[in-house]
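Report on one structure; see the data block that follows.
The values are calculated or read from the model by the stated rules, or taken from the named source; none is laboratory data. This is a predicted model, so every value here is computed, not measured. Cβ atoms come from the backbone with ideal geometry, glycine included; neighbour counts cover every protein chain shown.
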């Protein structure tokens, strides 16, 4: 029986590339999106749409749609990116980033716990911008806060899930050429997905909770 991977934020960018990558490997792929793109619809994957991962009712519907289906890999990929500084402040944007980038991956993982079993893996797509030690420029206040919060929660989940045989990866994809950053990155979504998948493949209960760059470097907190 094919392994099952569930990917949020799968309509474009890294999420879409994850779908293409795992489909090519013969996985059963479930894409979770608000609205599917034409590129996603063209793939032979299961699509669960009209899901805003920041909304409790939508995540409940997601869990219901996946009732009874084992998940071997859960990739919490959905996210948003804004830039706030003390001279360019937007508290609403900060709150939205916290809701989508930090709280939503926890909400989704919690809702799908019954689908995870010993040997399952949870991948949190975060950012090195959530590293406090690595912050040398300031600004991007909401994004940095949201990813730092996600990192902290992911370490806690790694400890809590270890006894159930479930490992958690905390993954920075690199500077990726996606719409989120105006396509200004230095690697393609395809390259990012391939490198991230390598980190997920190497994830074990021993290294669960590690903060990795997609290139394999361990990042500082």
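May I ask you to verify whether residue 116 is closer than 18 Å to residue 57 by Cα and either surrounded by 15 or more Cβ atoms within 10 Å (Cβ to Cβ) or modelled with pLDDT under 95 (or both)? Spelling it out, it is not the case that residue 116 is closer than 18 Å to residue 57 by Cα and either surrounded by 15 or more Cβ atoms within 10 Å (Cβ to Cβ) or modelled with pLDDT under 95 (or both).
Taking the listed residues 75, 100, 125, the one that is surrounded by 18 or more Cβ atoms within 10 Å (Cβ to Cβ) and closer than 16 Å to residue 47 by Cα is 75, with no other qualifying.
Residues that are over 15 Å from the mean Cα position of the chain (by Cα), part of a loop (DSSP other than H, G, I, E, B), on the phi > 0 side of the Ramachandran plot and at pLDDT 95 or above: does region 160-170 have at least one? The answer is yes; a qualifying residue exists.
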